[in-house]
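Written out below as structure tokens is the structure these notes cover.
Every number here is computed from the coordinates shown, using simple stated rules; none is lab data. Since the model is a prediction, treat every value here as computed from it, not as a measurement. Neighbour counts run over all protein chains shown; Cβ positions are idealised from the backbone, glycine included.
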Amino acid sequence: MEKAYKVCQSCGMPFKKDPIGGGTNADGSKSLMYCSHCYSSGLFTRPDTTAAEMKSLVIEKLVEMKFPRFIAKLFAVNIPKLERWKNKN
């Protein structure tokens, strides 16, 4: 059984902020690990993205949503520690 997380293990977005409550696995079931922006039908929406690129993407998205840049950076600081990126350089 897949462990349930409170935040997406790719971008760090809280699942409660996901418009559809999470991504989907290949069998159509709800992913308990990744949000709908990062994961759909069992595949990453940005398969070639690195942790550093995801961090930048998240910062820019939060700034676009009117978060101050320093707050956006604080939210993004732990992205490399999420499950998707843990064992990657």
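Sorting ARG46, ARG84, ARG69 from the fewest to the most surrounding beta carbons within 10 angstrom yields ARG69, ARG46, ARG84. Summed over qualifying helices (DSSP H, 4 residues or more, each -39500 (n - 2.57)) and divided by its residue number, the chain shows a 222 nm mean residue ellipticity of -7500 deg cm²/dmol. Helix 51-64 and the long axis of the chain differ in direction by around 70°, with both axes built from C-alpha atoms.
Which value, in debye to the nearest 20, gives the size of the charge dipole of the chain about its Cα centre, when Lys and Arg are +1 and Asp and Glu are -1 at the Cβ? Provide the component values of the computation, followed by the final result.
Working: 15 positive and 8 negative charges, 77 e Å.
Here the chain has a charge dipole of around 380 debye.
Simple rule: put +1 on each Lys or Arg Cβ and -1 on each Asp or Glu Cβ in the chain, find the dipole, and look at THR24, ILE71, SER40; the Cα lying farthest toward the positive end is ILE71. Taking all Cα-Cα distances within the chain, those exceeding 21 Å account for 27%. One chain, two ends: SER56 and LYS86. Fully extended at 0.36 nm per residue, the span grows by 9.1 nm beyond their Cα-Cα distance.
Do you know the relative contact order of the range 15-81, to the nearest whole percent, from alpha carbon pairs under 8 angstrom that are 6+ apart? Don't skip to the answer; put the middle values down first.
On the way: 72 pairs, mean separation 14.0, N = 67.
Computed value for the range 15-81: 21 percent relative contact order.
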